[in-house]
Amino acid sequence: MSTLNLTAIANSNITALYKKELKAYFNSPIAYVVMSVFLLMAGWFFANDLFLGGKASLRTFFEVGRLIFVFFIPAITMRLLAEERQSGSLQLLVTYPISDMEIVIAKWLAGVTLLAATLLFTSIYWFTIFLLGNPDEGAVIGGYLGLMLMGSAGCALGLFASSLSRNQIVAFVFAFAVLFTLFILDSVIVFLPAGIAGVLEYLSLGYHLDNLSRGVLDSRDLLYFLSLTVLGLAFAADRLADRKE
Amino acid sequence: MISVENLRKRYDGTVAVDDISFEVQTGEVLGFLGPNGAGKTTTMKIMTCYMPPTSGDVIINGRSVLEDSMEIRKSLGYLPEDSPLYTFLPVLEYLQFVAEMRGLQPPIRGKRIREMIEVCGLGDVLSRDIRELSRGYRQRVGLAQALVHDPDLIILDEPTSGLDPNQIAEIRTLIREFGKEKTLILSTHILPEVTATCDRVIIINRGGIVADGSPEELVGRMQGSQRLQIGFAAGSFDVSTAVPVIEALPGVSSVESTGVEGGVALLSLETGKESDLRLDLYRLAAGNEWPLVELHLEQGTLEDIFRELTVGDESVRRTGPASEREG
Ligand SMILES: Nc1ncnc2c1ncn2[C@@H]1O[C@H](COP(=O)(O)OP(=O)(O)O)[C@@H](O)[C@H]1O
Ligand SMILES: [Mg+2]
């Protein structure tokens, strides 16, 4: 009966949802708050280094950036699925021709895009350094890549947290707890025997971010972030498929 | 064609839908009528592939919701209870989102959106955020959302609940319009809804079907029960003395005291369908010098059926046609 051809272009559904999520971010204060606070904090540490420390480097910025991400990623991912459950719009979304994994991917992409946009604005700092002297380009690229990879893994884990209930606070707390644990793991290992310490070190965010910020691109570090990303997305899709309401 | 086969859905602890089976023919407008908690929403959520059934299946145009949900979704338009739309989006952007989500490509996408705006009367509110709209307009956006991809089957969950009478009339007009060309299933807990819009009614209660047929058929099935209302001036008269005497009258199957209204003590009698006992009752009252002030025969209406079938006691179940329908 239907005269319409519905089989054209694959995944226009992912694009549609992705755009909707970006609009949602910029329709609420969250995107602006996250971006400006990140830029202010990063800028302050950068300027501190530059004027008080007398060194033109992004090292402190990258280190502080990680910690800020531990707070900000949960803040931007907490609404992604919990809000849809809370408002009931999930009832419609999951009856459109889009799979649970496609939903999760579209939302993850939106979160990652927001973080990427935020990082893009910090290129002013990078540019400043470039003007002032001899930046260690490997370290700069590695630092940004590290934050992006952390953002990718963090958004996936945050999405999983957001899939657990209709409560955004629960999603924030859960995602924060996971990220913070991964964040501090490498600082507690000094108290532990070498065997366990090695494992925990590999699990910690800091270990891999440090590797990257030295400008060394190692597949083991990539694998770490990639695994966390895939795991988070898979768990989130799995929770989304389990609809009780 | 839709075939719902032995559908069951159990939530932790409650059985929301208990072994429901029915068929819907292409082009039919079916009303799903039942009190709150009857299992209407749950059945619809399964039909729309929102959640899988605990057991049983729904076959839509030869495809099972269990195995072929992606294909079913494409030919189905759904509006859940309370229209959960993305309220931060302006109307036009929302419709664009849905059309794109539905895989519509330009130029058909634009054409369909314009048609929906026209049909649902959204021209004046296109740039308004959905959250600013009245409930009536919001519902129209919800309908546009369900229809933008020109689905064969439309499922609307309580499409007029929470609307004022004017808005209800508007939405019903739209529903009747869509029902001319499409298979349409709507749920409601208010009776006039189905008589106003549907060719067929399924009455469901406590997760089971208790009646199924056209509104006229269901009224016709009111065999064995006809109600007589009688009222006595309550002042000096004790109705309870009359009850056993009336009960003894041939043809009366039950007598129930329904209280005092405006100084009139009311009794409700159930009698055989064929017998008109009004004259007998008048003579009985006159003979005993009872202060009879009211005597009224109530024809069986859909309202009665609905009320009786959804009380859920056994005597009602017996007269219900649920057992007449198999597979
Ligand atoms: N998510 C849920 N968890 C547990 N019980 C539920 C849930 N949703 C509905 N129910 C129960 O299932 C029954 C049917 O509900 P529902 O399908 O919403 O009925 P209706 O739409 O006819 O009002 C009710 O008793 C309701 O309390
Ligand atoms: Mg309901």
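The values are calculated or read from the model by the stated rules, or taken from the named source; none is laboratory data. Computed from a predicted model, the values in this text were never measured in an experiment. Using ideal geometry, Cβ is built from the backbone for each residue, glycine included, and neighbour counts are taken over all protein chains shown.
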Need the failing condition index for B:Pro35 against (1) at pLDDT 95 or above; (2) within 16 Å of ligand 2 (Cβ to nearest atom), just the number.
(1)
Report whether or not B:Val4 is farther than 24 Å from B:Ile168 by Cβ, within 16 Å of ligand 2 (Cβ to nearest atom) and more than 13 Å from chain A (Cβ to nearest Cβ).
no
Is there any pair with a first residue in region B:254-268 that is farther than 13 Å from B:Pro291 by Cα and a second that is surrounded by fewer than 13 Cβ atoms within 10 Å (Cβ to Cβ) and of a type in the set (A, V, I, L, M, F, W, C) whose Cβ atoms are under 7 Å apart and which are 6 or more apart or on different chains, and what are they?
none
Within the bounds of region B:52-75, is there any residue that is more than 24 Å from A:Asn11 (Cα to Cα), within 16 Å of ligand 1 (Cβ to nearest atom), assigned by TED's automatic domain parsing to the domain that holds B:Gly208 and hydrophobic (A, V, I, L, M, F, W, C)?
yes
So, of the residues in region A:4-34 that are more than 7 Å from chain B (Cβ to nearest Cβ) and modelled with pLDDT under 90, which turns out to be farthest from A:Val104 (Cα to Cα)?
A:Asn5
Does region A:186-198 contain at least one residue that is in contact with a helix residue (DSSP H, G or I) (Cβ under 9 Å, 6 or more places away or on another chain) and surrounded by 20 or more Cβ atoms within 10 Å (Cβ to Cβ)?
yes
If you scan region B:38-67, which residues turn out to be away from ligand 2 (no atom under 14 Å from the Cβ) and closer than 20 Å to B:Cys198 by Cβ?
B:Val58, B:Ile60
Flagged pairs (Cβ under 8 angstrom, 6 or more apart or on separate chains; first in region B:83-94, more than 7 Å from chain A (Cβ to nearest Cβ); second of a type in the set (A, V, I, L, M) and surrounded by fewer than 18 Cβ atoms within 10 Å (Cβ to Cβ)) are B:Pro90/B:Leu126; B:Val91/B:Leu126; B:Leu92/B:Leu126
Subset of region A:160-175 (residues that are over 30 Å from A:Gly215 (Cβ atoms) and either β-branched (Val, Ile, Thr) or buried (at least 24 other Cβ atoms within 10 Å of the Cβ) (or both)):
A:Phe160, A:Ala161, A:Ser162, A:Ser163, A:Ile169, A:Val170, A:Ala171, A:Val173
Kindly indicate whether A:Leu231 is more than 16 Å from ligand 1 (Cβ to nearest atom), touching a residue at least 60 places away in the same chain (Cβ under 8 Å), surrounded by fewer than 21 Cβ atoms within 10 Å (Cβ to Cβ) and assigned to a helix (DSSP H, G or I).
yes
Pair list, Cβ under 9 Å, 6 or more apart: region A:131-157 residue closer than 16 Å to A:Ile68 by Cβ, other residue not in a helix (DSSP H, G or I):
A:Gly143/A:Leu58; A:Gly143/A:Gly215; A:Tyr144/A:Leu58; A:Tyr144/A:Thr122
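Table: residues versus (1) among the β-branched types (Val, Ile, Thr); (2) closer than 25 Å to B:Ser21 by Cα.
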residue: B:Ile155; (1), (2): yes, yes
residue: B:Pro165; (1), (2): no, no
residue: B:Ala169; (1), (2): no, no
residue: B:His189; (1), (2): no, yes
residue: B:Ala196; (1), (2): no, yes
residue: B:Ile204; (1), (2): yes, yes
Test A:Thr95 against the stated conditions and say whether it is within 14 Å of chain B (Cβ to nearest Cβ), hydroxyl-bearing (Ser, Thr, Tyr) and surrounded by 17 or more Cβ atoms within 10 Å (Cβ to Cβ).
yes
Within region B:140-157, the residues that are in contact with a helix residue (DSSP H, G or I) (Cβ under 8 Å, 6 or more places away or on another chain) and under 10 Å from B:Asp82 (Cβ atoms) are B:Asp157
Filtering region B:156-201 down to residues that are surrounded by fewer than 17 Cβ atoms within 10 Å (Cβ to Cβ), part of a helix (DSSP H, G or I) and among the small types (Gly, Ala, Ser) yields B:Ala169
Are there any pairs, at least 6 apart or on different chains, whose C-beta atoms fall under 7 Å, with the first in region B:142-164 and within 13 Å of chain A (Cβ to nearest Cβ) and within 16 Å of ligand 1 (Cβ to nearest atom) and the second of a type outside the set (Asp, Glu) and part of a loop (DSSP other than H, G, I, E, B), and if so, which?
B:Ile155/B:Thr48; B:Asp157/B:Pro80
Can you confirm whether A:Thr113 is under 23 Å from A:Leu222 (Cα atoms) and either touching a residue at least 40 places away in the same chain (Cβ under 8 Å) or part of a helix (DSSP H, G or I) (or both)?
yes
In this structure, does A:Phe61 turn out to be buried (at least 21 other Cβ atoms within 10 Å of the Cβ) and either without any contact (Cβ under 8 Å) to a residue 60 or more places away in the chain or not in a loop (DSSP other than H, G, I, E, B) (or both)?
yes
Please indicate, with yes or no, whether at least one residue in region B:85-94 is at pLDDT below 95 and in the same structural domain as B:Ile168 (by TED's automatic domain parsing).
no
Condition test on B:Asn61, is it more than 12 Å from chain A (Cβ to nearest Cβ) and of a type in the set (S, T, N, Q)?
no
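Residues that are among the polar types (S, T, N, Q) and away from ligand 1 (no atom under 15 Å from the Cβ): does region B:28-45 have at least one?
As a first pass, look at region B:28-45 and keep what is among the polar types (S, T, N, Q): B:36, B:41-43.
Within this subset, residues satisfying the condition of being away from ligand 1 (no atom under 15 Å from the Cβ) are none.
Looking for residues that are among the polar types (S, T, N, Q) and away from ligand 1 (no atom under 15 Å from the Cβ), one finds none in region B:28-45, hence no.
Go through region A:70-89 and give me each residue that's touching a residue at least 60 places away in the same chain (Cβ under 8 Å) and either surrounded by fewer than 23 Cβ atoms within 10 Å (Cβ to Cβ) or part of a loop (DSSP other than H, G, I, E, B) (or both). First the steps, then the outcome.
Let us first name the residues in region A:70-89 that are touching a residue at least 60 places away in the same chain (Cβ under 8 Å), namely A:70-71, A:73-83, A:85-86.
Correct list: A:Val70, A:Phe71, A:Ala75, A:Met78, A:Arg79, A:Glu83, A:Arg85, A:Gln86.
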Counting just the residues of region A:216-228 that are within 16 Å of A:Leu205 (Cβ to Cβ) and surrounded by 13 or more Cβ atoms within 10 Å (Cβ to Cβ), which one comes out farthest from ligand 2 (Cβ to nearest atom)?
A:Asp221
Can you list the strands (runs of 3 or more DSSP E) found entirely within region B:1-91 that contain at least 3 residues being surrounded by 17 or more Cβ atoms within 10 Å (Cβ to Cβ) and within 17 Å of the chain's Cα centre (by Cα)?
B:15-24, B:29-33
